[in-house]
Amino acid sequence: MGRQLTGLLYFYSSNYRDSLKIFWTILLSILIVTLSISYFLLNVEGAKMAFSFTAPMYVYCGIIGFISVKDVIPFAIKVGATRKNLYLGLAIFFLLLSVGKAFAGSIIQILIINLGELVGINNFEFLHLAYFMEDTWYTRFIIDAAIMFFCLTLFFLLGLLFYRFGFAGAGSVLGLLLVGMLFAVAKGWAWDFMVHVAETFDMMFFLQLTIISIVLYILSFFLVRRITV
């Protein structure tokens, strides 16, 4: 079990290593261009340039969670991996990916802020949900890790639905969820929920989001254990 799990983790990381390199290359290139514009071209008083690591990272994790079903599960089964190890390995990989990207994003933001103070870039800022709370590197880290893990598990579950039941089956489930959301909006429950979240927005929200992510991943086991190539 130990060797197989280690091999699966190596396979998962190797499979997405190139996409991670491309992702960070593009993101850091855009960041450098934005910083250059702020420093050399943006001389209007009161004008600011803003940049966000978070949105691209969340989208990337959602895509990885969805395509991982088709990318890694069939091959892992073909080479003899048990569904238990496959499932456990993906959980560890999702956790490491979300934590690693959150840590990298937080550290890069700290370095850029310190560099900006050193060279006098005062018209550039990062956008982050932590600004609505205590904006520190560890709050940014926890927020990003929680949201990315949620995106990975949610879209992994969606990917399993499409893989297991096809477009018709998964579309029916998503249709029912959409009807439920529209009903909640019509009844005012969705608005009340958003107001409640806005009024009580703190780190506890992201702890609850992590718990929801764990529940979603546990539910996905019932699809993984019966999945076929």
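The values are calculated or read from the model by the stated rules, or taken from the named source; none is laboratory data. Predicted model only: the values in this text are computed from it and were never measured. Cβ coordinates were reconstructed from backbone atoms using ideal geometry, including for glycine residues, and neighbour counts include every protein chain displayed. These accessible areas exclude ligands, DNA and RNA; they are computed on the full protein's heavy atoms, side chains included. Shrake-Rupley method; radii C 1.70, N 1.55, O 1.52, S 1.80 Å.
Applied to region 55-72, the Karplus parametrisation 6.51 cos²θ - 1.76 cosθ + 1.60 on θ = phi - 60° returns per-residue 3J(HN,Hα) values of 4, x, 5, 5, 5, 4, 5, x, 5, 4, x, 6, 7, 4, 4, 7, 6, 10 Hz, with x for Gly and Pro. Amide H to amide H, with H built 1.01 Å from N, I121 comes under 5 Å of no residue 5 or more places away or on another chain. Subtracting the Cα-Cα distance of Y10 and V173 from their residue separation scaled by 0.36 nm leaves 55.3 nm. Comparing L127, L177, L31 in a Gaussian network model of the chain (Cα springs below 10 Å), the most mobile by mean-square fluctuation is L177. The distance separating the Cα centre of region 200-227 from that of region 78-124 comes to 19 Å. Would you mind checking the tilt of helix 137-187 against the longest principal axis of the Cα atoms of the chain, expressed as 0 to 90 degrees and rounded to 10? The angle comes out at about 50 degrees.
Within 10 Å, at most 16 other Cβ atoms, and a DSSP state outside H, G, I, E, B define an exposed site. Report the longest part of the chain free of exposed GluC sites (Glu not before Pro).
The longest such stretch corresponds to 135-229.
Annotation for L28 and W137: the two label points, set 7 Å from Cα along the Cα-Cβ direction, are 1.7 nm apart.
Look at the Cα gyration tensor of the chain: its axes a ≥ b ≥ c give a/c of at least 1.5 with a/b at or below b/c, and that counts as oblate. Residue separation of K70 and A186 scaled by 0.36 nm, minus their Cα-Cα distance, works out to 38.1 nm of gained length.
Once C-alpha pairs closer than 8 Å and six or more residues apart are averaged by separation and normalised to the residue number of the chain, the relative contact order reads 29 percent. With only the Cα atoms considered, region 1-99 has a convex hull volume of 97 Å³ per residue. Considering all C-alpha pairs of region 69-193, those separated by over 21 Å amount to 62%.
Per residue, region 1-86 exposes an accessible area of 59 Å² to a 1.4 Å probe, with every protein chain left in place.
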